[in-house]
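S.K.: One structure, as C-alpha cells, below. Some questions next.
The values are calculated or read from the model by the stated rules, or taken from the named source; none is laboratory data. Small disclaimer: the values here were computed from a predicted structure and weren't measured. FYI the Cβ positions are ideal-geometry reconstructions off the backbone, even for glycines, and counts take in every protein chain you see.
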Amino acid sequence: MNGISMEAGLLLAAILFALGLMGLLMRRNIIFMLVSVEIMLNAAGLAFIVAGMRWAQPDGQVMFIFILTMAAAEVSVGLALILQLYHQLKTLDSDAASRMRG
Amino acid sequence: MILLWMIVILMAGGVLAWITGRVNDALPRWISLLTILANLALAVWLWLAEPATALVPKGAWIANLSIAWIPQWGVGFDLALDGLSLLMLLLTFVLGFLAVLVSWNEIYTKVGFFHFNLLWVLAGITGVFLTMDLFLFYFFWEVMLIPMYFLIGIWGHENRTYAAYKFFIFTQASGLLMLLAILSLYFIHGSQTGIYTFNYFELLGTSFSPAMGMWLMFGFLAAFLVKLPVVPFHSWLPDAHSQAPTAGSVILAGLLLKTGAYGLLRFVLPLFPEAAIAFAPWAMLLGVIGIIYGAILAYSQTDLKRLVAYTSVSHMGFVILGVFAFNELALQGVVMQMITHGLSTGALFIMAGFLYDRIHTRNIEKMGGFWATAPKMGVIALVFVMASLGLPGLGNFIAEFLTLIGSWQANNWLTVFATIGVVLATAYSLRILKKVYYGQNLTDHIIHDLSGREMLIMVPMVLLILWLGLYPQPVIDLAKPSIDEQLQAYTNVPEDRTISMEKSESTTQPTDTLSQLKTKGGAYGLR
Amino acid sequence: MENLIWLIPALPFLGALLLILFGLKMPRIMVPVIGAGSVGISSLLTIFLGIQFLSDGAAMYVQHVWTWFSIGGFSPGIAFHVDALTMVFIFVITFVGFLIHLYSAEFMAEDADYSRFFASMNLFVGSMLVLVLADNLVLLYLGWEGVGLCSFLLIGFWYREPANGYAARKAFIITRVGDTAMAIGLFLLFQYFGTLNIQEILTQAPQTWSVGSQTAVLVALLLVGGAVGKSAQLPLQTWLPDAMAGPSPVSALIHAATMVTAGVYLITRTYVLFELAPTAQMVVAFIGAATLLIAGFTALTQNDLKRVLAYSTISQIGYMFLALGVGAWSAAVFHFMIHAFFKALLFLGAGAVIMALHHEHDMFKMGGLRKKMPVVFWTFLIGSASLAAVPLISAGFYSKDQILWLGLAGGNGSVILYIAALLGAFVTSIYTFRMVFITFYGEEKTHISHMPGFWMKLPLVVLAILSLLGGFIELPHNFAHFTLFTDYLKPVLPVIVIDEGLATIEWIFQIVAALVALSGIYIAYLFYLKKPYLAQNMERSKFAMSLHRFWYSGWGFDALYNAVFVRPYVYLSKANRSDGIDFFYTGLAYFTQWLNSLFTRTQTGMLRTYMMGVLVGAILVVTISLLL
Amino acid sequence: MELTFYIAGAVAILATIMVITRYNMIHALLYLVVSFLAVAVVFFTLGAPFMAALEIIIYAGAIVVLIIFVIMMLNLSEDATQQEKEWLKPSIWIGPAILSAVLLAELIYIFTAMDVPTTATVPVDAKLVGLALFGPYMLGVQLCGMMLMAGIVGAYHLGRQKKKVTHRFLEKEAAQ
C-alpha cells in the first residue's frame, strides 16, 4: 500500500506515449522511428501496470509481460528489416522506401 | 433422405463431370444428362407417391429431413418438401435437362467445368427450393450465384465480363441485405424466446414492432425483388440474359428468377404478415410498373435475347402483383406463372440460341422470312410467342388470368393497368414473330429447320405448355396445401393484428437492452 | 346425340392437329380432304343435332367434358352449352365454314403453304365453335382469343409481304384492346357472382342488380368493349379493312361470316345484363348507328373491291348492333345469319374475280366480267341484291327491314336511329351497285386468266340460294304471321315489345325502305353506268374532293390512332431503348470509380503520412466519444 | 515512496524528450536507457519489483543493446548526424507536435475527469503474477512462445546478408 494515485501513473504513461508518438512522426530516420515505437509500447505497459496495481490484480503485470515479449520480437524483426533496407537503399530514410513494387 | 440425395447427386455429378472433362468432351455431357434425369425421376416418383404421404397429418409437407449441423448456433440441415417445392423441383430438373441438351452442340471449351457449374447452379437452386433453415437458405442462395457467374463470365457472348460482374454485384449486394435481415431475425427471435435458431418453422411465429417488421421484410425483399426482378432493380437482367450462353439464359430466366418468387411466397408472406399487408399496395404498384415498363422496353429492343429478357421483367411483374394480393386465386396464378414463364421464356431463349447457331447474330433487324425454310421452327416459335402474350389454351393464360382475377379482388385500378400490360405484351410478342419469321429473308444464310436433337428439346416443352394450359388441375392440386399454409396468416388478419400489437410492446424491452449494450463500448464505459 | 357435342369443335381441332403434324409430308390431295372433311363432318353432326334439338323440344343441352381448373369453388369447365341461339351460330359456322373450305380447296390449290392454310382454317373453325358453345365465360374467352390468333395467322398468311404482317399485327393488337376491356368485365362479374358460368350469371344477375344499377352498366359497357373490338365497331373498327390482306376465303369466313359477329353473339348471349343496363344498351344502339353510317360512307369511296366489302361488313354489323341496342335480339341474330350467307357469297365471288384477274384488287381495273363469268356474276348479283335489301325477293330485305322497323317501333327505338338506319340503307344500295356496275359492266380492262372450277362454283351457288330464300323463314307481321325464326329463339331470347300505335302503319315504313333501296340502286346506275360524267364532274369540286379523301381514309381514324397512340408509344419505347434506369446504376459505378481514384491519392507510401492519419483518426475518435 | 515516483517520472519524461530530439543516434539511445531505467523505478515504486527487473533486463538491456549492435553494423559516417539535423527542422516537427499535444490533452482530460474515487495502488507480488501466467493465461504464454520463435526465425531470414538480392519486395529497387 502506498500513496501514489492511479491518475499520476496514468498521466505519466500518457505523457510518455505522446512523446513516443511525437518522435515517431517527427523523425525520418527509421531507427529513430523504431525507438519511438518502443517508447510507446513501454508507455502502454506502464498504463497496464498502474491499472493492475489499482485493482490489486496480477492481470496488468501479465499484460506487461506479454507486451515485453512482443516488443522483443518486434525489435528483432524490425532491426532485421532495417538491415535489409539499408543494404538495398543505402540510407535510413523512411520516405525513400515509399514504393511498393514487387 | 431422398431430399439430401437430390442435392448430393447433383453436386457429385458436377465434380465427376469436371474430372472426366479432362479426359473426354462427351463424358461430362452424358454424366450431367444422367444426373439430372436421375433427379427428375426421383422428383416424379415423389409426386406420384404423394397421395399416400398426403394422408400423414403433417399437413402440406410431403417429405422432410432434419440433421443438426451447427447446433451451437441453432443451424440445422433442414430440408422439407411440399407441393410448391416439388413443383419447383420438377421445373428445375426439366429445364436443367433441356439446358444440358441445348449446350450439347454449343459449348466446346472447358466442357467439364461448364457442366460442373451447370450442375452446381442446379444444386444450389434445388437447395433453395428445399431448405427450411434460413442459414442454409443463404448458403444455397450463394451456391447458385457463383457458378452462374462463371457460366456467364466464361461462356457468354461478346460483353460477358461486364454482364457477369453486373449480375454478381446486384445479386450479391441484395443477398447481403437478406443476410442482415436473417441475422436480425435470429437475434430478435432468440432474445424473445431464448431459443437461438435459424429454423424456419421456429421463426414463423416471431413478432416484431411494426417498424422492425418492415425493415426486416425489406431486407428479404431486397434479395427477392432484385432476383425477380422488380423494375427499379431489373437492370442486371437484360445484360445477364443476353450475354449468357443459351443454357445460362434458360436457367437464369427459368429458374433463378423463380427463386425470387419462391422466396416471396415462402419467406416474406408467412414471416412478415403485418409488414406485407402494409406494403402490399406499393408492391402491387411496383408489379404493375414492371409489367408496363418491361413491355415498353421489350418493344424496341433489337437484340432478340434482350427483348426476351425484358419480357421476363414484364411477366415477373405479374408475380409480385399476385403475391401481394393475398388470395388463393392470385397465388395459384403466381405458382402457375412461375412454371409457365419458366417454360415459355426458356423456350424463347432456346429458340434464340438456335437462331444464333444458324446466323451468328441476335439482331432481329437482320432476320426475317425464316418461316419459308424453317416451318417447324416457326410453328414452335408461334406457340411460345402466343404463350408469352397469354393466349388461352396455353399455360401462361391460366397463370395471368388467375393472377389478375385474384388481384382484382385486392385492387381494382392496379389490375386494370396490369391488364393493359397484356395488350402491350401482344405488341412485343407479335414483333418477334413478325421480325423473325415474317417478311423476306435478307441474309445470305439458308435457315435450316430444327434437327432431331432440337425437336427433342422443343416438343416436350410444347406438350408441357399445352398440358398446363388445358388441364392445369394436377399442378393446382399439388400447390394448394402449401398455398393455404402460406396464406394462413392472412385468413384472420384483424385478430392477428391485435395480438402482435400487444406482443410488440413487450418486444421493445429486449431491443432496448440491446441498444444499451451497444453503447457500452463507447467512452462512457470509462467513467 | 347430345353426348357427341364435343365432337363438333373437336373434329376441326383434330384436323388442324393432323395438318400441323403431318401436313408437309402427306400427299397434297389429303390436305383439303382432312381440312374440309373435318369441318364437313362437324356440320353434319350439327345438322343432326339440330334436328334432334327441334324434335325433342329440350330447352338446352349441356355437356361437361372435363373441369379445366378448380380453385376454391371457382371451377370453369371445358363444358358445352347448346340452346337455340347456339344452334344458329354453330349451324352458320360449320355449314358456311364447310362451303368456304370447299371453295378454298380449289382457290388455294396453287399455294405452297396449302397445309398451313387449312390447318389455320380448321383451327379457326374449332375456336369459333368453342366460342359459341362455351358454357362459361373463361372458355368463351379461350375461343375468343383463339379466333383472334387464327385471324392473325390468316391475315398474315402471305407473310413475305411486310404489309400483310403489319395488317395481321394491327388486327390482333386492336382486338386485344377490346379483349382487355372484356377481361376486366369478367373480373368484375367474378367479383359479384363468384362464378363465370354464363347461365348462372344470367339467372343471378337480376337478383343482384336492379335495372340501371351502375355496376351492371359498367359490366355491360366492358363487355361491349370486347364486342366492338372483335366486331370492328366504332371506335375499334380500323383493323378490319386492313385485314383484307388475307386470302379471300379467309375474308369470307373470318372477316364476314363468323368471327366479326362474335361481338353480336357475346351481347346476345349476355342480354340479361344489357336489359339491366339500359344506358349500356343505348350506347350499343348508337355505336351501331354511327358505325353503319361511317362505314357506309367510307365504302362509297373505296376502289379496292375487298375493302368495299370490308366496310360494308362493318356497316352491316352496325345494323346488328343497332338491333341489339333497341332490344331486337332475334332480329340481330336473324340479320347475322342472312348476312353470313350473302357476305360470304360476296367475298367468295370477289375472290373468284380477283383470282381471275391476277390478284387485281382495284375495281376500276376490272369490268365487263358479266359475260365472261356468268356464274360468278349472277351469284354476286344475288348477294348484292341481298346486301342492298332489294324488296321482296332478297333475304337481306327481310332481315334488314325488320331492324329498320324495330329501330323505330321497338321498345328502345327512336327516330334518330331510324333515320340513321334508313340513310345507311340508302348508302348501302348505292355502294353495292356501284361495285356491281364497275366490276361486271363496262368494257373488259384486264385479261381473265383463271376461270373458277366446280369446287368454287358450288359454294357460290349454294350460298346464292340461301341468300335468296333464307329470308322467307321470317316475314314481317303484316305479310303473314310467319315468324319461324323468332318463335324458334323465343325460349332463349325475349320477344321485343312493339309500339302498338305504329304497328298499324308499318306498311308505310316498308314502302319507304323499299323505295330507298331502289333509289340507291338507280343512283348507282345513273352515276356509274348511264352517265359516268356526273361522277367525274362531282369529283372536280373542291369540297367533294376533300370529302372524298376524308371518307376514303376511313374518316381519318387510322391517322388519329397513329398520332395519339401508336407513334407516341413507339417513340417512348425507342427513346428509352437503352433503359434509363440503367443510367442510375452505371452512374453509381462511375461514382465508385471516381471515389477510388480519389482515395488512391492517399496511398503515398510515406510511413509518416500514414502515422499522421492514424493520429488524426485517434484524435477524432477520442473527441467524438468525449463529446457524445 | 511518492517522492521517488514523481522524481523518477520526471526523469523518464525528460530523458524521453532528449531521446526524440537527439541528432546523434548513440546519444539518443543512451537517453533511452535512462528513460527505461526511470520507468523501472516507477514500477518499483508502484509495487511491482519483478516488472522493474524485467524492464531493466529486457528493455534497457537486451533491446537497446540490440539496436546499438545494429547501428554498429551499419557503420554510419559523420554525415548521418548532419543528415539528422537537416531532417529535424521546426517546419517538419511542428505539426506532429501539435497533434500529439492535442491527443495528450484529451487523454489528460479523460484521466482527470474520472469520478472514480482515487485510491492508492496496491502492490501485487511476483508470485501472483506467476500463478496468473501459468493459470488462466496459459494460452497467452504459449502464443508468446510461438511468437518469439517466429520472430527469431523471421529475423534470421530477413537479416541474412545475401550476395544477390532476392527479396521480392525490393528486387526491382535494387536492380535500378
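S.K.: For C:TYR159, all conditions in the list (1) of a type in the set (Ser, Thr, Tyr); (2) surrounded by fewer than 24 Cβ atoms within 10 Å (Cβ to Cβ); (3) free of Cβ contacts under 8 Å to residues at least 60 places away in the same chain hold save one; what is the number of the exception?
M.R.: Unmet condition: (2).
S.K.: Residues A:VAL62, A:VAL35: which one is at the interface with chain D (Cβ under 7 Å from one of its Cβ atoms), within 20 Å of D:SER35 (Cα to Cα) and either surrounded by 19 or more Cβ atoms within 10 Å (Cβ to Cβ) or without any contact (Cβ under 8 Å) to a residue 60 or more places away in the chain (or both)?
M.R.: None of the other options fit; the residue is A:VAL35.
S.K.: Among the residues of the stretch B:408-418, write down those that are crowded, with 24+ Cβ neighbours inside 10 Å and either assigned to a loop (DSSP other than H, G, I, E, B) or facing chain C (nearest Cβ under 9 Å) (or both).
M.R.: Matches in the stretch B:408-418: B:TRP408, B:THR415.
S.K.: Now for a different question. Given C:ALA290, C:ALA295, which one is assigned to a helix (DSSP H, G or I), of a type outside the set (Phe, Trp, Tyr), surrounded by 24 or more Cβ atoms within 10 Å (Cβ to Cβ) and under 20 Å from the mean Cα position of the chain (by Cα)?
M.R.: C:ALA295
S.K.: In contact with a Gly (Cβ under 7 Å, 6 or more places away or on another chain) and assigned to a helix (DSSP H, G or I): is that true of B:ALA275 in this structure?
M.R.: Against the criterion (in contact with a Gly (Cβ under 7 Å, 6 or more places away or on another chain) and assigned to a helix (DSSP H, G or I)), B:ALA275 qualifies.
S.K.: Considering every residue within the stretch A:15-28, establish whether at least one is buried (at least 19 other Cβ atoms within 10 Å of the Cβ), facing chain D (nearest Cβ under 7 Å) and farther than 29 Å from D:TYR6 by Cα.
M.R.: Yes, that holds for at least one residue.
S.K.: Okay, moving on. Would you pick out the residues in the stretch C:1-34 that are closer than 23 Å to C:THR46 by Cα, within 14 Å of another protein chain (Cβ to nearest Cβ) and in a loop (DSSP other than H, G, I, E, B)?
M.R.: C:TRP6
S.K.: Just need a number here: residues in the stretch C:375-401 that are part of a loop (DSSP other than H, G, I, E, B) and farther than 15 Å from C:GLY424 by Cα.
M.R.: Matching residues across the stretch C:375-401 total 4.
S.K.: Just to be sure, is C:ILE498 farther than 30 Å from C:ALA36 by Cβ and surrounded by 14 or more Cβ atoms within 10 Å (Cβ to Cβ)?
M.R.: So C:ILE498 passes the test.
S.K.: Ok, one more. Suppose the filter is part of a helix (DSSP H, G or I) and assigned by TED's automatic domain parsing to the domain that holds C:LEU387; does C:PHE527 pass it?
M.R.: It is true that C:PHE527 is part of a helix (DSSP H, G or I) and assigned by TED's automatic domain parsing to the domain that holds C:LEU387.
S.K.: So which residues in the stretch B:213-232 are hydrophobic (A, V, I, L, M, F, W, C) and crowded, with 21+ Cβ neighbours inside 10 Å, if there are any at all?
M.R.: B:LEU216, B:MET217, B:PHE220, B:LEU221, B:ALA223, B:PHE224, B:LEU225, B:VAL226, B:LEU228, B:VAL230, B:VAL231
S.K.: Return a yes/no flag: does the stretch C:470-492 have any residue that is under 30 Å from C:PRO32 (Cβ atoms) and in contact (Cβ under 8 Å) with a residue 40 or more places away in the chain.
M.R.: Among the residues of the stretch C:470-492, at least one is under 30 Å from C:PRO32 (Cβ atoms) and in contact (Cβ under 8 Å) with a residue 40 or more places away in the chain, which makes the answer yes.
S.K.: Could you go through the stretch A:45-53 and let me know if any residue there is closer than 25 Å to D:GLY47 by Cβ, surrounded by fewer than 22 Cβ atoms within 10 Å (Cβ to Cβ) and at the interface with another protein chain (Cβ under 7 Å from one of its Cβ atoms).
M.R.: Taking every residue of the stretch A:45-53 in turn, none turns out to be closer than 25 Å to D:GLY47 by Cβ, surrounded by fewer than 22 Cβ atoms within 10 Å (Cβ to Cβ) and at the interface with another protein chain (Cβ under 7 Å from one of its Cβ atoms).
S.K.: Okay, moving on. Return a yes/no flag: does the stretch B:233-245 have any residue that is hydroxyl-bearing (Ser, Thr, Tyr) and not in a helix (DSSP H, G or I).
M.R.: yes
S.K.: If you don't mind, another one. Need the failing condition index for A:ALA56 against (1) within 7 Å of chain D (Cβ to nearest Cβ); (2) crowded, with 22+ Cβ neighbours inside 10 Å, just the number.
M.R.: With (1) within 7 Å of chain D (Cβ to nearest Cβ); (2) crowded, with 22+ Cβ neighbours inside 10 Å applied to A:ALA56, the lone miss is (2).
S.K.: Now for a different question. Let me confirm something: among B:HIS241, B:HIS234, which residue is touching a Lys or Arg at 6+ places or on another chain (Cβ under 9 Å) and within 14 Å of chain C (Cβ to nearest Cβ)?
M.R.: B:HIS241
S.K.: State all residues of the stretch D:37-67 that are closer than 23 Å to A:ILE31 by Cβ and within 7 Å of another protein chain (Cβ to nearest Cβ); if no residue qualifies, say none.
M.R.: D:VAL39, D:ILE58, D:TYR59, D:ALA62, D:ILE63, D:LEU66, D:ILE67
S.K.: Is there a residue in the stretch B:297-306 that is surrounded by fewer than 24 Cβ atoms within 10 Å (Cβ to Cβ), part of a helix (DSSP H, G or I), away from chain C (no Cβ under 12 Å) and free of Cβ contacts under 8 Å to residues at least 24 places away in the same chain?
M.R.: Looking through the stretch B:297-306, none of the residues is surrounded by fewer than 24 Cβ atoms within 10 Å (Cβ to Cβ), part of a helix (DSSP H, G or I), away from chain C (no Cβ under 12 Å) and free of Cβ contacts under 8 Å to residues at least 24 places away in the same chain.
S.K.: Can you say whether B:LEU122 is assigned to a helix (DSSP H, G or I), among the hydrophobic types (A, V, I, L, M, F, W, C), within 18 Å of the chain's Cα centre (by Cα) and modelled with pLDDT under 90, as far as the supplied structure shows?
M.R.: Here the answer is no, as B:LEU122 does not meet what is asked.
S.K.: How about the stretch B:319-375: which of its residues are part of a loop (DSSP other than H, G, I, E, B) and either of a type in the set (Phe, Trp, Tyr) or at positive phi (or both)?
M.R.: B:PHE324, B:PHE326, B:HIS360, B:GLY368, B:GLY369, B:PHE370, B:TRP371
S.K.: Return the only residue of C:VAL272, C:VAL264 being over 15 Å from the mean Cα position of the chain (by Cα) and part of a helix (DSSP H, G or I).
M.R.: Going through C:VAL272, C:VAL264 in turn, the sole match is C:VAL272.
S.K.: Next question. Among helices (runs of 4 or more DSSP H) lying entirely in chain A, which contain 2 or more residues that are of a type in the set (D, E, K, R) and more than 20 Å from D:LEU14 (Cα to Cα)?
M.R.: So the answer is A:59-89.
Yes/no per residue for (1) of a type in the set (Lys, Arg); (2) assigned to a helix (DSSP H, G or I); (3) more than 11 Å from every other protein chain (Cβ to nearest Cβ); (4) free of Cβ contacts under 8 Å to residues at least 12 places away in the same chain:
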position	(1), (2), (3), (4)
B:GLY439	no, no, no, no
B:LEU464	no, yes, yes, no
B:GLY469	no, yes, no, no
B:VAL475	no, yes, no, no
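S.K.: Moving on to the next point. Got at least one residue in the stretch B:43-55 being at pLDDT below 80, among the acidic types (Asp, Glu) and either surrounded by fewer than 19 Cβ atoms within 10 Å (Cβ to Cβ) or under 26 Å from B:LEU203 (Cα atoms) (or both)?
M.R.: Scanning the stretch B:43-55 turns up at least one residue that is at pLDDT below 80, among the acidic types (Asp, Glu) and either surrounded by fewer than 19 Cβ atoms within 10 Å (Cβ to Cβ) or under 26 Å from B:LEU203 (Cα atoms) (or both).
S.K.: Just to check your reading of the model, which residue among C:PHE118, C:PHE124 is out of contact with any His (no Cβ under 7 Å at 6 or more places or on another chain) and more than 27 Å from B:ALA399 (Cβ to Cβ)?
M.R.: After applying the criteria, what remains is C:PHE118.
S.K.: Oh, and also: Take the residues in the stretch C:603-626 that are facing another protein chain (nearest Cβ under 7 Å), farther than 18 Å from A:ILE30 by Cα and not hydrophobic (A, V, I, L, M, F, W, C); name whichever of them is nearest to the chain's Cα centre (by Cα).
M.R.: Only one residue fits best here, namely C:SER625.
S.K.: Within the stretch C:82-126, count every residue that is farther than 16 Å from C:LEU19 by Cβ and not in a helix (DSSP H, G or I).
M.R.: 3
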